[in-house]
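Worksheet for the structure shown next.
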Amino acid sequence: MDVYAVGVSSHRLAAATLTVTPALAMNPATGAPGSTTAAYGFGFGAGETVDIYWNSPRQLLGTATANGAGSSALTITIPANAPLGINAVVGVGQTTKAIGIGEVVVE
C-alpha cells in the first residue's frame, strides 16, 4: 500500500510504501495438551474470516473474524495429540489468503 503526505506550508509531496505482515500472538505461549490459549491475529483484512489451524498434525481449531483494523482473537484448545516443544499455530485469511504464524510451547 502506498502512503502519501503533503506538507502544510511547503506543499511538498512525500510517498512511502507500507507493508503489513500478518502474525499471530499467543497468550499464554506455553501450555499442556488440553489447555487453552488465545490466538490474537494482526494484519488481516478488515472484516475478514480467519481460520486458525494447529500446524502438526494439521487441524482446524476454529474461526475468528477480524475487526475493522484487521485484528482478531480466538481462544483455542491445544490438541491432545500435540507433540512436546515448539508448535506452530497458523491463521489463514479467507479473503486475502494472508498467512500469520504464531508459536506455542507444549509442555
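The values are calculated or read from the model by the stated rules, or taken from the named source; none is laboratory data. This structure is a prediction, so every number in the text was calculated from the model and none was measured. Heads up, the Cβs are rebuilt from the backbone with ideal geometry, glycines too, and the neighbour counts pull from every protein chain shown. Just so you know, the surface numbers come from the protein's heavy atoms only, side chains and all, with ligands and any DNA or RNA stripped out. Shrake-Rupley method; radii C 1.70, N 1.55, O 1.52, S 1.80 Å.
Some points to look at:
- Selected residue (criterion: nearest to G85 (Cα to Cα)) from residues of the range 52-66 that are assigned to a strand (DSSP E or B) and open to solvent by 20 Å² or more (accessible area, probe 1.4 Å): N55
- Flag if I76 is open to solvent by less than 20 Å² (accessible area, probe 1.4 Å) and either touching a Lys or Arg at 6+ places or on another chain (Cβ under 7 Å) or more than 11 Å from V104 (Cβ to Cβ) (or both): no
- Condition check for T21: farther than 22 Å from E107 by Cα, in contact with a Gly (Cβ under 7 Å, 6 or more places away or on another chain) and open to solvent by 70 Å² or more (accessible area, probe 1.4 Å): yes
- The number of residues in the range 89-105 that are open to solvent by 30 Å² or more (accessible area, probe 1.4 Å) and in a strand (DSSP E or B) comes to 4.
- A16 being open to solvent by less than 40 Å² (accessible area, probe 1.4 Å), aliphatic (A, V, I, L, M) and either farther than 30 Å from D2 by Cβ or part of a strand (DSSP E or B) (or both): no
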